[in-house]
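Participant: Structure below; questions to follow.
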Amino acid sequence: MLDPVSGPPVGPHVLDDPALGRIVKSSDEIAARIAELGAQITEDYRGRLPLLVCVLKGAFVFIADLAREIHLPIEVDFMAVASYGASTKSSGVVRIVKDLDIDLAGRHVLLVEDIVDSGLTLSYLRRNLLARDPASMEVCALFVRQGNQKTQEELRYVGFEIPPAFVLGYGLDVGERFRNLPYVCEYRGEG
Ligand code: PRP
């Protein structure tokens, strides 16, 4: 994470909080890119029934919009993971807090993530889900933070590559706050 940026408020923002910095991706830019991703997924999965797997919590906003841009029958399931604490996050060892309800055997799985940073969460999830014998598995990530990957994960669909600043909004949180911002902006710290 970069040091919080100081200075006057950067706007316009939908809520008044000095922690909110420069807007990195506007809601219009996000919507337009998700429409493109949905069109590509629609094309690629025609004739198959994709199972979208949402990795909670952050991806709940993205998957809600992405699912509605896929013009095919789909199914959706949810799993929640947590790292074993900040100090071990870089190990990529995550705990499954809520597992999927649907059996993945023979399914065409599309794993939906809000952001890939080190890539270690995704690496763990991919191994875990592949062990359940899906017919195929691809990843759709809205954001990839540049320059921080510790593992080379294959990402079939990527919304945006973003600079290595700490960002929030559109599902991304700081201490569970700001997930409801309709855009993504930089975090300026608590001042
Ligand atoms: C975020 C994101 C990914 C993970 C990516 O989740 O949703 O799951 O971090 O980081 P990595 O590539 O370095 O492993 P987070 O742990 O913030 O949980 P949340 O989605 O519940 O906010």
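Quick note: the coordinates plus some simple rules give every number you see, no bench work behind them. Quick caveat: nothing in here was measured; it's all calculated off a predicted structure. In this analysis, Cβ positions are derived from the backbone assuming ideal geometry, glycine residues included, and neighbour counts consider all displayed protein chains.
Participant: With respect to the numbered conditions (1) more than 29 Å from R22 (Cα to Cα); (2) exposed (fewer than 15 other Cβ atoms within 10 Å of the Cβ); (3) not hydrophobic (A, V, I, L, M, F, W, C), which one is the sole condition not fulfilled by G147?
Facilitator: Going through the list (1) more than 29 Å from R22 (Cα to Cα); (2) exposed (fewer than 15 other Cβ atoms within 10 Å of the Cβ); (3) not hydrophobic (A, V, I, L, M, F, W, C), G147 breaks only (1).
Participant: While we're on this one: If you take the residues of the range 163-191 that are more than 15 Å from the ligand (Cβ to nearest atom) and either among the polar types (S, T, N, Q) or not in a loop (DSSP other than H, G, I, E, B) (or both), which of them is surrounded by the fewest Cβ atoms within 10 Å (Cβ to Cβ)?
Facilitator: Out of the qualifying residues, it is E186.
Participant: Being within 11 Å of the ligand (Cβ to nearest atom) and under 12 Å from the mean Cα position of the chain (by Cα) is the filter here; which residues of the range 57-86 pass it?
Facilitator: K57, G58, A59, F60, V61, F62
Participant: Would the range 39-49 turn up any residue that is within 22 Å of A105 (Cα to Cα), within 16 Å of the ligand (Cβ to nearest atom) and surrounded by fewer than 18 Cβ atoms within 10 Å (Cβ to Cβ)?
Facilitator: Scanning the range 39-49, I find no residue that is within 22 Å of A105 (Cα to Cα), within 16 Å of the ligand (Cβ to nearest atom) and surrounded by fewer than 18 Cβ atoms within 10 Å (Cβ to Cβ), so the answer is no.
Participant: Follow-up question, since we're still on this one. Working carefully through the options G147, G169, find the one that is on the phi > 0 side of the Ramachandran plot, under 14 Å from the mean Cα position of the chain (by Cα) and touching a residue at least 12 places away in the same chain (Cβ under 8 Å).
Facilitator: Going through G147, G169 in turn, the sole match is G169.
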